[in-house]
Amino acid sequence: MVPPRPTQTGRRATTSRGIAGTASESELKKIPATWNADSIGEFREWVAEKGAAYVGSAFISDCADLAITLLITFAKSKGLPVSLERRSVSEDWSPRNAISAWRFRHEFGDMLSLSDTGGDYDKLLKIAKQKFGASHLYNVRRGNTKEVPRDSLTTGDLLVGEPHNHPGVLHTQVVLSSPDVRITVVDIEGIIALMKQKSVTAEDWKKAVTTVEALEILQGSQTTGGGGTQIMRRAWGVQTLAYYEYWNQQAQMRETLGEHNIRPTGTIYKQIEVVGSKSPFGADATLLPRRWDFDDFNRPDR
């Protein structure tokens with residue numbers, strides 16, 4: 001039997017503790033730091049520096065976990081407030097979501113915050129990874145994130161979309177760079193073919209290497225039958241609408257290209273998806289930009 005749909009009573013529900021997710025005065029004094037221009041800037045620098053270290057990790061079970069892990073891990077290092085809302089909204093209501101929402105609301109109300117874990121960030125992270133998914137980061141009505149113009153995306157922001165090869169499934173990616181970063185894309189098959197030929201011109205080599213304006217991203221692991229896939233570093237072509245994969249052997253490729261007087265621009269990637277409908281995030285894919293709502297995290301009543 002599916003529990004009855006919870007009645008909306010504003011931004012949070014009343015529980016035996018008072019207003020769910022609202023910290024007491026003594027608890028608030030333990031969190032003196034707030035998100036401001038400086039701390040948000042530090043968060044972006046931290047993601048740029050530390051984010052790539054998660055590449056290859058398989059301990060994170062789904063794509064949203066990566067974004068949540070980065071946010072809460074940094075917040076812990078600075079004593080910054082974090083609260084996530086899981087209130088159900090009409091467009092994603094289903095029997096399965098109803099059961100999940102009812103269980104969460106019974107334990108936490110509409111909101112999960114540090115007051116629910118006694119200020120314990122590690123416990124907050126563990127619960128958040130279990131209870132929150134891509135839809136909670138995608139839907140701005142919850143107040144966890146807000147929509148921003150795609151050309152204003154920067155490090156630490158999110159891209160949430162629906163891949164063509166997984167219709168109905170939302171997928172979260174963490175942004176590593178601004179959209180105007182230029183990368184070098186190599187045609188691996190083309191380069192291998194050139195290396196086998198005896199007579200190759202400089203122009204032949206140049207045709208196998210292009211410079212692309214792209215958005216570098218960390219692709220959170222996708223849940224599979226056997227668990228989560230590994231975190232991957234990729235890039236999305238802003239104008240080409242193609243999908244690129246980070247080339248692990250950066251130094252070797254630069255040396256190879258240097259022997260033919262080619263100087264790569266930025267990071268080296270290889271193309272893994274063709275442009276258009278066959279690409280998971282091609283021209284027709286829904287790929288929407290999101291940013292953590294830092295101002296909402298600061299609200300004492302959240």
When residues of segment 55-72 are filtered for being farther than 15 Å from I217 by Cβ and either assigned to a helix (DSSP H, G or I) or modelled with pLDDT of 85 or more (or both), how many remain? 5
If we scan segment 286-298, do we find a residue that is modelled with pLDDT under 90 and either aromatic (F, W, Y) or part of a loop (DSSP other than H, G, I, E, B) (or both)? no
Does segment 111-118 include one or more residues that are at pLDDT 65 or above, touching a strand residue (DSSP E or B) at 6+ places or on another chain (Cβ under 6 Å) and of a type in the set (D, E)? no
Quick one: A75 ticks every box in (1) among the aliphatic types (A, V, I, L, M); (2) crowded, with 21+ Cβ neighbours inside 10 Å; (3) within 20 Å of H171 (Cα to Cα); (4) at pLDDT 85 or above except a single one, so which number is it? (3)
Total residues in segment 246-265, condition under 30 Å from D65 (Cα atoms) and either surrounded by fewer than 16 Cβ atoms within 10 Å (Cβ to Cβ) or modelled with pLDDT under 90 (or both): 3
Across segment 135-193, what is the number of residues that are of a type in the set (D, E, K, R), buried (at least 18 other Cβ atoms within 10 Å of the Cβ) and modelled with pLDDT of 90 or more? 1
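The values are calculated or read from the model by the stated rules, or taken from the named source; none is laboratory data. For clarity, every value in this text was computed on a predicted model and none was experimentally measured. Cβ atoms come from the backbone with ideal geometry, glycine included; neighbour counts cover every protein chain shown.
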